[in-house]
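To start, the structure itself, in structure tokens.
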Amino acid sequence: SIASLLPINLFFHTPARLPLPAKLFVVLITMLEFVKGLLGKRKQPEITKGRPQNPPVEPKVRGPPVKLTEEQVEEGVPRALGLGMSHYGAQCLFVCGRLQVFDAIGSDTLSTAEIAARLGVKEVNEEYLERMLRLVAFPSIGALKESAGEEGEVRFALTPLGALYQSGVPQQPSLLCELLHDFGTWNWDAWRALDPCVDSKRRKVPFEEAWGVPIFKAFDELPVHAKPFNELMSIFSFKEKGLVAELYPWEQFHGKVVTDVGGSLGPTIEAVKRQHPKIGRAINFDLPGVVATAPAIEGVEHVAGSFFQAEDLPRSDCFILKHICHDWSDENALAILQACAARLNDGGAVLLCESILPEAGEADNFGPTVKSIDMLMLLIGGKERSLRMWKALAAKAGLQVDDVVATPGPLCQLITLKKQDGATKTA
């Protein structure tokens, strides 16, 4: 009973041979254990790594429930489970990319042990490696092809998709940079920070919440992480640069100055200049750290500066902004457009190569691509925009939408901006 544990009973029921200090010590320890048990304050396992998951939050008001038919349940459950597990394959692809498994395999068909022996790390957990590779070989991912060896061992070869994750293959794009950029620690931690950012009325940028600095400042400080990003931007240009060069009426800028603002390593302006050699000056403009790594391109000048500073921009007859404004908030995107407008020669144009979000209720001709990229932009503080939003943003910069050229590229619609009537001032 509880009464038997009272200090007076404990004191008199301890062995008589114990000295008084020892009896008091026994009473004290016993009572501490009793109180701890009574209050239920048992020490819980201490979590020292990771971020605890936020508990579900009950809504203030529940809408009327949707009742599904049995057929709808049977159809929906596998799809919902698949969505929940979709990141499994993405993370396995990332690890394969970081370890450059695709380069190690090449055109060979190899066992797990043979692949492990070719990797550039000191130790490899072959069991984990094989289990990971088997998922990457599953048809829904399909970057590897799985087969059985003579002794029943699993063997792997590259599929055409897996071959795109090789690096350094001449005249062939490498999507290794996408794995390293999209699924690495940078973006993964930013995705984890999305939840607490949604919970706040204050506009917070998930990447900045996770890392403490804006993404482009982080790239400046850690160029090793900027490298896959810059390579990925060039990959986006692999097909899009052809759309820009072929579908836009560049004849109007023969003998004039065309500047690709934020042009990275210069693939887009190179394609435009090659297809339209009568263009006067072709300039690739980007930050000093980017321009320093850009290759020499015949007929193209590399110029360093900030597109937020009008005085840094070369005076031009056409500014190309390809996937630039979508990286930034409305405030920053407006500052970029204002800088371009200030340095735009009379009669010139600002060419936006961007996606166009469908308006509310409109059919989305490009599937989830644009809205997925919109979420990626949310992580870093940018956004995709509808045509109505582009018009409103342009108007604030003293520009107006003059024309839209539709292209097959979901992220590369060609939006021409020109100065508003009466807005002819240049810096």
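Near Lys273, which aspartates and glutamates are there with a Cα under 16 Å away, not counting those fewer than 8 places off in the same chain?
The qualifying aspartates and glutamates are Glu240, Glu246, Glu251, Asp260, Glu298, Glu301, Asp317.
Can you tell me how segment 64-204 classifies by the Cα gyration tensor, rounded, prolate or oblate, using a/c under 1.5 as the rounded cut? Don't jump to the answer; show the numbers that get you there.
Values: a/c = 2.38, a/b = 1.49, b/c = 1.60.
Oblate, since a/c reaches 1.5 and b/c is not below a/b.
Quick one: give the max-minus-min coordinate of the C-alpha atoms of segment 309-382 along each principal axis, largest first, in Å.
Projected onto the principal axes, the Cα atoms of segment 309-382 cover 39, 25, 17 Å.
Would you be so kind as to identify which of Val258, Ile380, Val272 lies farthest towards the positive end of the dipole of the chain, taking Lys and Arg as +1 and Asp and Glu as -1 on Cβ and the Cα centre as origin?
Toward the positive end, the furthest listed residue is Ile380.
What number comes out for accessible area per residue over segment 242-296 if the probe is 1.4 Å? Units Å², please. Numbers along the way, then the final one.
Working: 2270 Å² over 55 residues.
Per-residue accessible area for segment 242-296 comes out at 41 Å².
Tally up the carbon and sulfur contribution to the accessible surface of segment 67-167 as a whole percent, 1.4 Å probe, everything protein left in place.
Numbers: 3440 of 6470 Å².
Percent of accessible area from carbon and sulfur atoms in segment 67-167: 53.
Mind ranking 182-190, 261-269 by how tightly packed they are, going by the mean number of other C-beta atoms within 10 angstrom, highest first? Before the final figure, lay out the partial values.
Numbers: 182-190: 17.9, 261-269: 25.4.
Most protected by this proxy first, the peptides run 261-269, 182-190.
With +1 on each Lys and Arg Cβ and -1 on each Asp and Glu Cβ, how big is the dipole of segment 106-169 about its Cα centre, in debye rounded to the nearest 20? Mind dumping the intermediate values first?
Numbers: 6 positive and 10 negative charges, 66 e Å.
With Lys and Arg at +1 and Asp and Glu at -1, about 320 debye.
Would you work out the charge dipole size for the chain about its Cα centre, treating the Cβ of every Lys and Arg as +1 and the Cβ of every Asp and Glu as -1, and quote it to the nearest 20 debye?
Working: 45 positive and 52 negative charges, 366 e Å.
In total the dipole reaches around 1760 debye.
Compare the peptides 59-65, 395-401 by average per-residue count of other Cβ atoms within 10 angstrom and give them in order, highest first. Each step should come with its number before you reach the end.
Numbers: 59-65: 5.7, 395-401: 17.7.
Order by mean packing, descending: 395-401, 59-65.
Share of antiparallel DSSP beta bridges in the chain, in percent to the nearest 5? List each step's numbers first, then the result.
Working: 19 of 40 bridges.
Bridges in the chain that DSSP calls antiparallel: roughly 50 percent.
At q = 0.09 Å⁻¹, what is the base-10 log of I(q)/I(0) for the chain according to the Debye formula with one equal point scatterer per Cα and no solvent? Please give it to two decimals.
Normalising to I(0) and taking log10 leaves -0.73.
Carbon and sulfur: what percent of segment 175-241's accessible surface (1.4 Å probe)? The partial results should precede the final answer.
On the way: 2190 of 3750 Å².
Ligands and nucleic acids excluded, carbon and sulfur reach 59 percent.
Treating only the Cβ atoms of Lys and Arg (+1) and Asp and Glu (-1) as charged, compute the dipole magnitude of segment 205-279 about its Cα centre; round to the nearest 20 debye. Please list the in-between numbers first.
Details: 8 positive and 10 negative charges, 86 e Å.
That gives segment 205-279 a dipole magnitude of about 420 debye.
Among Asn284, Gly398, Ala116, flag the residue with its Cα farthest along the positive direction of the charge dipole of the chain, charges on Cβ as +1 for Lys/Arg and -1 for Asp/Glu.
Gly398
Expressed in nm², what is the orientationally averaged projection area of the convex hull enclosing the Cα positions of segment 355-427?
For segment 355-427, the mean projected area of the Cα convex hull comes to 6.0 nm².
Give the accessible surface of segment 361-427 per residue, rounded to a whole number of Å², with probe radius 1.4 Å and ligands, DNA and RNA excluded.
In whole numbers, segment 361-427 has 50 Å² accessible per residue.
How large is the helix-only mean residue ellipticity at 222 nm for the chain, computed as the sum of -39500 (n - 2.57) over DSSP H runs with n ≥ 4, divided by its residue count, in deg cm²/dmol to the nearest 500? Display every interim value, and only then the final one.
Details: 19 runs with 188 residues, N = 427.
Taken over the chain, the calculation gives -13000 deg cm²/dmol.
How big is the Rg/Rh ratio for segment 100-141, C-alpha atoms only, Rh by Kirkwood, two decimals? All intermediate terms of the calculation are to be shown ahead of the outcome.
On the way: Rg = 10.2 Å, Rh = 10.8 Å.
A ratio of 0.95.
Which GluC sites (Glu not before Pro) does segment 333-380 hold that lie in a coil by DSSP with at most 13 other beta carbons within 10 Å? Could you put the intermediate results ahead of the total?
Numbers: sites: Glu354, Glu359, Glu362; in loops: Glu359, Glu362.
Answer by residue number: Glu359, Glu362.
Need one number for segment 241-384: average projected area of the convex hull over its C-alpha atoms, nm².
On the way: hull surface 36.7 nm².
With every direction weighted equally, the projected area is 9.2 nm².
The values are calculated or read from the model by the stated rules, or taken from the named source; none is laboratory data. Note that this is a predicted model, so its numbers are computed, not measured. Because the Cβ atoms are built from the backbone with ideal geometry, glycine has one as well, and the counts that use them run over all protein chains shown. Just the protein is used for accessible areas: all its heavy atoms, side chains included, with ligands, DNA and RNA removed. Shrake-Rupley method; radii C 1.70, N 1.55, O 1.52, S 1.80 Å.
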